1. For segment 124-146, name all the residues that are away from ligand 2 (no atom under 15 Å from the Cβ) and either part of a helix (DSSP H, G or I) or under 15 Å from the mean Cα position of the chain (by Cα) (or both).
2. Just to be sure before I move on: is Thr375 in contact (Cβ under 8 Å) with a residue 24 or more places away in the chain, among the polar types (S, T, N, Q) and not in a loop (DSSP other than H, G, I, E, B) in the structure I sent?
3. Considering only segment 33-45, I want to know if a residue exists there that is within 19 Å of His247 (Cβ to Cβ) and surrounded by 17 or more Cβ atoms within 10 Å (Cβ to Cβ).
4. So, Leu55, is that one closer than 26 Å to Leu181 by Cα and either of a type in the set (Phe, Trp, Tyr) or in a strand (DSSP E or B) (or both) or not?
5. Which is crowded, with 21+ Cβ neighbours inside 10 Å, of a type in the set (A, V, I, L, M), farther than 21 Å from Arg184 by Cβ and away from ligand 2 (no atom under 16 Å from the Cβ), of Val61, Val72, Val106?
6. Would you mind stating whether Gly449 is more than 22 Å from the chain's Cα centre (by Cα) and at positive phi?
7. When you check Phe301 against the structure, is it more than 30 Å from Glu383 (Cα to Cα), outside any helix (DSSP H, G or I) and at pLDDT 95 or above, yes or no?
8. Which number in (1) touching an Asp or Glu at 6+ places or on another chain (Cβ under 9 Å); (2) of a type outside the set (D, E, K, R); (3) within 17 Å of Phe214 (Cβ to Cβ); (4) assigned to a loop (DSSP other than H, G, I, E, B) marks the one condition that Leu390 misses?
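The values are calculated or read from the model by the stated rules, or taken from the named source; none is laboratory data. What you see is a predicted model, and the numbers here were worked out from it, not measured in a lab. Cβ atoms come from the backbone with ideal geometry, glycine included; neighbour counts cover every protein chain shown.
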Amino acid sequence: MRQTVGTIDYTGRIPNNVDLAGDRRLQRALESWQPKFLAWWAEMGPALPTRDVYLRTAVSVGREGWAHFGHVALPEYRWGIFLSERSPDRAIGFGRHKGEPVWQQVPGEHRSDLQRLIVVQGDTEPASVEQQRHLGATAPSLYDLRNLFQVNVEEGRHLWAMVYLLHAYFGRDGREEAEALLLRNSGSEDAPRILGAFNEPTPDWLAFFMFTYFTDRDGKYQLGTLKESAFDPLARTCDFMLKEEAHHMMVGTTGVDRVVARTAELMREHDTDDIARYGGIPLGVLQRYLNFHYSVSLDLFGSETSTNVANYFTNGLKGRWQEDRRKDDHVLAEGHTAVETVADGRITAVETPLLVALNQDLRTEYTADCGSGVTRWNRILAEYGIGERLLLPHHGFNRAVGAYAGHRIAPDGTVLDAEQWAAGVPQWLPSDDDMAFVASLMQPVYEPGRVASWIAPPKQGIDGRPFAYEYVHLV
Ligand SMILES: [Fe+2]
Ligand SMILES: [Fe+2]
């Protein structure tokens, strides 16, 4: 049985489906945060001036037809607070409170943990907008430019989602954290974003597609664990964010598809791997970008073993990916699993309590999902009759967090010494030359229906529009 929240209220300054008008104090607090958000957007959001962009805006949170499409001036986008519908009979699905009703308020004993989880998630949302700030200057087509801005406005909305929770449920501390989310900046020396991958630059469109494939996908898995939370407002917020997130991953998946297709086309046309001179991105460069973005995204899953995460699970704060489909007791007080470590120059497995290995569990789900993209890209290569294949590197490759940090693991999983590692790096990770070459291809193509040399046009446009539609009006 579901209680319908229905459509979103667009009459106030902040669109929402949480009856903000019924809580004046909260409404005023959020209305005073709003101009700070807009100032941050103006300073750190998309740098390219545009008249308007063909964007989707949420109009309801229901399953069918939830979005409206139309040309909108970016600063006038209606960022708001949208939670999935509430199920009155929802019960906690795991941990020591399993079977009890979910919480509509934050229990005092879990306040600081929940606040931390929300702040860390919230910090990634504006970070990616900052990382992508300059990409508008070099979009390969108007269609791609529109997708970039769609991702940007929705990451901005995800920030709103987390700020709402902080304001509504965490009092003064929450309001202070909401301010701080606008003060840290990606790559800043003094006040960087919390997680490493969100301080890496996204310098070009190949990096953007890899980021939306690999790093937004990390977001999908983190949100997937929070949508299981016993704290119902968090669960419902993340559930709706996941709906938006699907588009970001579509941008990444089809973006890389199109680069691979163009690369394969040029390889076949000119019968050579060396397609750089024909304006294409060689497969080796694609592989190195893939290796980099996959490995830094794996770091976002944290250490393979974590007692903090075990406590989050036991206390009902954060579940597993698709918790309700797991065929076990959802408590995990007993049971072990193999966790890999590196010892004496070898990767070995150590029996570890299931509860303590939940980060590895999530990372394993993520890796399987990432593999489906690689399979898809290899199918494109095969369709063009190209023999080479892209590969997902070993999860120990190029890691800065967890069991593999401080070790040197080749993409095939071999443990290396410093000399072997140094010799391999130029084949495994993007070099300065790779980055400079990709940068040289990044010339904007803003004529409707045209596309840059290094990428194929998309198979479909947006919302049933053709590829040649004028998705963005520049100033
Ligand atoms: Fe997001
Ligand atoms: Fe995203």
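1. Gly136, Ala137, Thr138, Leu142, Tyr143, Asp144, Leu145, Arg146
2. Criteria not met by Thr375.
3. Looking for residues that are within 19 Å of His247 (Cβ to Cβ) and surrounded by 17 or more Cβ atoms within 10 Å (Cβ to Cβ), one finds at least one in segment 33-45, hence yes.
4. Considered against the rule, which asks whether it is closer than 26 Å to Leu181 by Cα and either of a type in the set (Phe, Trp, Tyr) or in a strand (DSSP E or B) (or both), Leu55 comes out as yes.
5. Step by step, each of Val61, Val72, Val106 is checked, and only Val106 is crowded, with 21+ Cβ neighbours inside 10 Å, of a type in the set (A, V, I, L, M), farther than 21 Å from Arg184 by Cβ and away from ligand 2 (no atom under 16 Å from the Cβ).
6. In short, yes.
7. Yes, satisfied.
8. Just one mismatch for Leu390, condition (1).
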